[in-house]
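Working notes, beginning with the structure itself.
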(Lines give C-alpha, C1' and ligand atoms only; values in the text may rest on other atoms or scores of the structure.)
Protein backbone atom coordinates (compact mmCIF):
# COMPACT_ATOMS: atom_id res chain seq x y z
CA UNK A 1 0.00 0.00 0.00
CA UNK A 2 3.06 2.26 0.19
CA UNK A 3 2.73 3.47 -3.42
CA UNK A 4 -0.85 4.61 -2.77
CA UNK A 5 0.21 6.62 0.27
CA UNK A 6 3.01 8.20 -1.76
CA UNK A 7 0.61 9.04 -4.61
CA UNK A 8 -1.89 10.71 -2.26
CA UNK A 9 0.88 12.58 -0.47
CA UNK A 10 2.17 13.83 -3.83
CA UNK A 11 -1.34 14.99 -4.78
CA UNK A 12 -1.80 16.79 -1.44
CA UNK A 13 1.60 18.46 -1.57
CA UNK A 14 1.98 19.26 -5.27
CA UNK A 15 -1.35 19.12 -7.10
CA UNK A 16 -4.16 20.13 -4.74
CA UNK A 17 -2.56 23.49 -3.82
CA UNK A 18 -2.80 24.51 -7.49
CA UNK A 19 -6.59 24.57 -7.19
CA UNK A 20 -6.34 27.54 -4.80
CA UNK A 21 -8.87 26.08 -2.37
CA UNK A 22 -6.77 25.47 0.72
CA UNK A 23 -9.76 25.84 3.07
CA UNK A 24 -12.05 23.47 1.14
CA UNK A 25 -12.90 20.43 3.33
CA UNK A 26 -12.83 17.90 0.47
CA UNK A 27 -9.62 16.10 -0.42
CA UNK A 28 -10.42 15.49 -4.09
CA UNK A 29 -11.45 18.59 -6.02
CA UNK A 30 -12.43 19.36 -9.58
CA UNK A 31 -10.37 21.78 -11.65
CA UNK A 32 -12.96 24.44 -10.73
CA UNK A 33 -12.52 23.88 -7.01
CA UNK A 34 -15.69 21.91 -6.31
CA UNK A 35 -16.06 18.55 -4.63
CA UNK A 36 -15.81 15.57 -6.99
CA UNK A 37 -19.17 13.82 -7.04
CA UNK A 38 -19.51 10.07 -6.69
CA UNK A 39 -21.28 9.87 -10.07
CA UNK A 40 -18.19 11.39 -11.71
CA UNK A 41 -15.93 8.86 -9.99
CA UNK A 42 -18.22 5.99 -11.01
CA UNK A 43 -18.34 7.14 -14.64
CA UNK A 44 -14.56 7.53 -14.94
CA UNK A 45 -13.92 4.25 -13.14
CA UNK A 46 -16.42 2.49 -15.42
CA UNK A 47 -14.76 3.87 -18.53
CA UNK A 48 -11.33 2.64 -17.40
CA UNK A 49 -12.75 -0.71 -16.27
CA UNK A 50 -14.47 -1.26 -19.62
CA UNK A 51 -11.39 -0.19 -21.59
CA UNK A 52 -9.36 -2.76 -19.67
CA UNK A 53 -11.97 -5.48 -20.23
CA UNK A 54 -12.57 -6.01 -16.52
CA UNK A 55 -15.88 -7.44 -15.23
CA UNK A 56 -18.74 -4.92 -15.10
CA UNK A 57 -19.52 -5.96 -11.52
CA UNK A 58 -16.25 -4.27 -10.48
CA UNK A 59 -17.17 -0.83 -9.10
CA UNK A 60 -15.29 1.72 -6.95
CA UNK A 61 -16.99 0.41 -3.82
CA UNK A 62 -15.41 -2.99 -4.59
CA UNK A 63 -12.04 -1.41 -3.86
CA UNK A 64 -13.19 -0.42 -0.39
CA UNK A 65 -14.29 -3.98 0.28
CA UNK A 66 -10.99 -5.39 -0.96
CA UNK A 67 -9.17 -3.07 1.45
CA UNK A 68 -11.37 -4.06 4.38
CA UNK A 69 -10.91 -7.81 3.86
CA UNK A 70 -7.17 -7.73 3.18
CA UNK A 71 -5.51 -10.36 5.37
CA UNK A 72 -3.33 -9.33 8.25
CA UNK A 73 -4.91 -6.17 9.57
CA UNK A 74 -7.82 -3.79 9.56
CA UNK A 75 -6.44 -1.56 6.81
CA UNK A 76 -9.12 1.13 7.03
CA UNK A 77 -8.42 1.57 10.72
CA UNK A 78 -4.69 1.59 10.02
CA UNK A 79 -5.03 4.56 7.67
CA UNK A 80 -7.29 6.45 10.08
CA UNK A 81 -10.74 5.65 8.68
CA UNK A 82 -13.37 4.18 10.91
CA UNK A 83 -15.85 4.98 13.61
CA UNK A 84 -17.89 7.14 11.28
CA UNK A 85 -18.51 8.02 7.71
CA UNK A 86 -15.45 9.04 5.71
CA UNK A 87 -15.96 11.88 3.22
CA UNK A 88 -14.32 11.93 -0.17
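The values are calculated or read from the model by the stated rules, or taken from the named source; none is laboratory data. Because the structure is a prediction, the values reported are computed rather than measured. Reconstructed Cβ throughout: ideal geometry from the backbone, glycine too, with neighbour counts over all protein chains shown.
I'm checking my understanding of the structure. Among residues of the stretch 2-23 that are assigned to a loop (DSSP other than H, G, I, E, B) and touching a residue at least 12 places away in the same chain (Cβ under 8 Å), which one is surrounded by the most Cβ atoms within 10 Å (Cβ to Cβ)?
Across the stretch 2-23, the extreme among qualifying residues is 21.
When you go through (1) at pLDDT 85 or above; (2) part of a helix (DSSP H, G or I); (3) out of contact with any helix residue (DSSP H, G or I) (no Cβ under 6 Å at 6 or more places or on another chain) one by one for residue 41, which number turns out not to apply?
Evaluating residue 41 over (1) at pLDDT 85 or above; (2) part of a helix (DSSP H, G or I); (3) out of contact with any helix residue (DSSP H, G or I) (no Cβ under 6 Å at 6 or more places or on another chain) leaves (3) as the failure.
Residue-wise test of (1) at pLDDT 90 or above; (2) outside any helix (DSSP H, G or I); (3) out of contact with any helix residue (DSSP H, G or I) (no Cβ under 7 Å at 6 or more places or on another chain).
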| site | (1), (2), (3) |
| --- | --- |
| 25 | yes, yes, yes |
| 33 | no, yes, no |
| 45 | yes, no, no |
| 53 | yes, yes, yes |
| 67 | no, no, no |
| 77 | no, no, yes |
| 87 | no, yes, yes |
